[in-house]
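Heads up: the structure comes next, in structure tokens.
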Amino acid sequence: MDVIAKNRKAYFQYEILEKLEAGIVLTGTEVKSVRNRDVSINESFATIHQGEVFLYEMHIGQYKQGNRENHEPKRVRKLLLNRKEIDKIAGKIKLKGCTLIPLSLYFKEGLVKVEISLARGKTTVDKRDDIKKRTVEREIQRMTQ
């Protein structure tokens, strides 16, 4: 598994409830740009529209050697999931007030995959608690060395 991009702020801004692996529909020049690691998933999110899952605001830079058939960098991309998975996610989003965010983008057996998660936004108090825990763990680590 070759990780291409990670959403580093996701664990800080969201409480991760469940993770899923999904395929993604890409054009040829998009795959070439992904191989060049010209991709960002930091601002992206996924929604369910008419029984299908779509990924918004994911930036894949234009392929340098592309021609007039080059892709648009921030177009909406379809994610490939089973019907049961989509229905399960849709139910949880409606009940819990959660959202879908991508955590990482990677190659698996030559195919581009996205790890998406069902997540709930953290409050500022939760974020402060996480920062306190991290600083305490660092201090303990320093003392033991």
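The values are calculated or read from the model by the stated rules, or taken from the named source; none is laboratory data. Note that the structure is a prediction, hence the values are computed from the model and not measured. Glycine also receives a Cβ, built like all others from the backbone with ideal geometry; neighbour counts cover every protein chain displayed.
Structure notes:
- Near pairs, Cβ below 6 angstrom, 6+ apart or cross-chain, from region 7-20 (over 17 Å from I93 (Cα atoms)) to any residue that is of a type outside the set (G, A, S) and modelled with pLDDT under 85: none
- Any hit, region 44-55, residues being surrounded by fewer than 14 Cβ atoms within 10 Å (Cβ to Cβ), within 11 Å of the chain's Cα centre (by Cα), modelled with pLDDT of 85 or more and closer than 30 Å to V125 by Cβ: no
- Qualifying residue in region 125-137 (condition: within 15 Å of L20 (Cα to Cα) and of a type in the set (A, V, I, L, M)): no
One line per residue, one yes/no per condition, for (1) touching a residue at least 24 places away in the same chain (Cβ under 8 Å); (2) under 30 Å from Q50 (Cα atoms); (3) not hydrophobic (A, V, I, L, M, F, W, C):
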site: I86; (1), (2), (3): yes, yes, no
site: L103; (1), (2), (3): yes, yes, no
site: Y106; (1), (2), (3): yes, yes, yes
site: I116; (1), (2), (3): yes, yes, no
site: D129; (1), (2), (3): no, no, yes
site: K132; (1), (2), (3): no, no, yes
site: E139; (1), (2), (3): no, no, yes
site: Q145; (1), (2), (3): no, no, yes
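- Hits in region 116-145 (condition: under 19 Å from N7 (Cβ atoms), among the β-branched types (V, I, T) and either in contact with a helix residue (DSSP H, G or I) (Cβ under 8 Å, 6 or more places away or on another chain) or outside any helix (DSSP H, G or I) (or both)): I116
- Any pair with Cβ under 7 angstrom, 6 or more apart, that starts in region 49-74 at a residue that is under 30 Å from G91 (Cα atoms) and ends at one that is part of a loop (DSSP other than H, G, I, E, B) and of a type in the set (S, T, N, Q): L55/S44; Y56/S44; E57/S44; M58/S44
- Only residues that are more than 26 Å from D129 (Cα to Cα) and crowded, with 17+ Cβ neighbours inside 10 Å were counted across region 6-30, and they come to 7.
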